[in-house]
């Protein structure tokens, strides 16, 4: 009996006859898993644009198909079940809060576009739930199809790894396949693993084998992608699946659960072993960051490491914004704008963070605390529903269907914790599948336990009337979102042209193209730069300065981005309107105090206006925080030198030499200023000595140089000139003494000729040919023509 009970507990498909699966519904459901992956870049700057657009168009097609079907008109509960459970209510509430956040948005246009994206994902989740409600068997076919896609993605990773091992790829980061970059590929692998796990845990024969193959390949491929977030995710996923199987075993005493745990453990251990062996013995020894082992990569997680430090900074800035705007946030899509107010105070360039690298934090920052809680609630409610079902009904059929969304959202949460999947349509499609499945399963479980009711014709009529109104509103929302995403798509194609020009370093397109063709939405590019600034660059290139000023003065898209003000300052400067240029340059300084190009322009303008006193605090403040800008050190030292403060100029260039010890331009500037500082107290005497030297009055010149050296023995240039004077006066030993002192001091000295050539000539005239040739050879080796000529003429065998 016990043995029969064990067999009965094994999860198998029911064998009762059912109507065949409707292919139309199934194909539409599968499209949600594949359409974003298959959509090409279509010559846009960011492939997310066309992918979101195709997802929105799929929503429209699915909406029209579903809500023109007679069977749906008879079952209005299929329409409303999304809003009759906690997960759907939380999601709908989040959308409402997102709309309310518009009241706090700095850039409402950006909020509208961002809402179109999240509404597209929301709509996909809603429509997926309806497709699954129509026939829960569609979940099985969905898992099979997504596992096959998972296998395909994994194999493309292995193909890239083979190329990397064979030297055909420079780095693992180049492995992208059909995705935009390595991280999206890694995320797509990891977040799809629950589809394969579902086949292992709840099916047998070829289906379980397919799940095992998919799980093993996906775990291995994820490890090869060397992404720390998903290393942590794999460990967490493994832990939760083992806890789930252990709980099932203790509840049912079914040893089959232990077999499943053993299978999954073997798959996990095998994938780690294969990755480790390949990484250790086959990888090229390039020292690439992504070549490290799992442990070594995880060990790099710290607040000191650049990537970790960047994430911590964005989270810190987000926390500051949440404290300032706790109720409605800073506005949907406005994180990248609001955060500039703080980042500008330390950032020296315009490479801005445009994502918080944590969707939970970013959602809270943009929509307020309530929005953040509603977003988190979707994950917690799904997990809680599964836990409650496990405890109350561990043998329930619905536990099988809850497994997929619960583990799917668990995997998604790791991506959302460290990245920004909300901006990646491939991952949003998976999110929609998991949320839609979770809501559909809730509907099935409630429908099964619900008591049959007698339909009231009037009630049905009222429901249909209200349903029709909601469907009209929903359809209009889908249409509007699609239109906005078409606009975004058209903008991204133009942004691609601008990016190509930027890469070439020249404007190959006319300004009129961008002035006439850019749609009104979005008004920021994918990196958060105002599109008006991109247009202005082309106008500046065509010297259409008045148009630059008129265009940018109207722009209010990003008040904390100093690029519009800087472009206006440049335009006014080009028109020689110094007062207006100075006013806008000062605005840039207030917004972004460490942007050096503006500081350079501002100092130039202040100097032209005779306001040198205002320059000093600007330069000093910049150099107090920025140590690696060679140009800044040189300009600052030159400014103080021209102002007559040579001591300050030398002090600045000395600091530059400490921070940039190998920079040739800094060292050249240091030599010039050191010489000038040394000469200053003896300028009149040095001028007299130089005049006498040039007049070939070497006795007088040597006397003047000796007087200087008696007061300043370290005046290398005076000693060099005196050495030449002694040579021309035939005082070769005195010349040698000066030259030896200069060479042993190790200080470079500006000279008329190479010191070693002069030293050789002194020895030669003293009859010491060996020492002469030795020094001529050194001079020749240093590239001195006289030294080379003297060595060839006087020191080669057979030549005198």
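The value for the chain of Rg(Cα) / (2.2 N^0.38 Å) is 1.33. Label sites at residue 173 and residue 672, each approximated as a point 7 angstrom past Cα along Cα to Cβ, lie 3.7 nm apart.
Each principal axis of the stretch 513-589 carries a Cα extent, and these read 34, 26, 17 Å when sorted largest first. Spin-label model, residue 148/residue 642: points 7 Å from Cα along the beta carbon direction are separated by 7.2 nm. If you average the C-alpha positions of the stretch 664-708 and of the stretch 223-259 separately, how far apart do those two centres end up, in angstrom? Cα centroid to Cα centroid, the span is 80 Å.
Please state the relative contact order of the chain as a whole percent: Cα pairs under 8 Å, 6+ residues apart? Please list the in-between numbers first.
Details: 1035 pairs, mean separation 107.2, N = 800.
Answer for the chain is 13 percent.
Packing here is the average count of other Cβ atoms within 10 Å per residue, and on that basis the peptides 153-165, 50-62, highest first, run 50-62, 153-165. Extension gain for residue 596-residue 41 works out to 196.2 nm (0.36 nm per residue, less the C-alpha to C-alpha distance). Separation of the stretch 515-539 from the stretch 85-116 is 25 Å, based on Cα centroids. Entry note, the chain: the mean residue ellipticity at 222 nm calculated from DSSP H runs of n ≥ 4, each adding -39500 (n - 2.57), is -24500 deg cm²/dmol after division by the residues and rounding to the nearest 500. Over the stretch 312-455, Cα pairs under 8 Å with separation of 6+ residues give a relative contact order of 23 percent.
Subtracting the Cα-Cα distance of residue 740 and residue 155 from 0.36 nm times their residue separation leaves 203.5 nm of extension gain. Annotation: the residues 201, 112, sorted from fewest to most other C-beta atoms within 10 Å of their own C-beta, follow the order 112, 201. In percent, how large is the relative contact order of the stretch 679-794, given Cα pairs closer than 8 Å and 6 or more residues apart? Contact order relative to length: 16 percent.
FRET efficiency for the pair residue 796 and residue 694, taken as 1/(1 + (r/R0)^6) with r the Cβ-Cβ distance and R0 = 51 Å, rounds to 0.90. In this calculation the C-beta distance from residue 507 to residue 583 is compared with R0 = 25 Å, giving a FRET efficiency of 0.35.
Shape annotation for the stretch 496-633: C-alpha extents along the principal axes are 46, 31, 27 Å, from largest to smallest.
Every number in this text was worked out from the coordinates using simple rules, so none of it is lab data. Quick caveat: nothing in here was measured; it's all calculated off a predicted structure. Note that we place each Cβ from the backbone using ideal geometry, even for glycine, and neighbour counts take in every protein chain shown.
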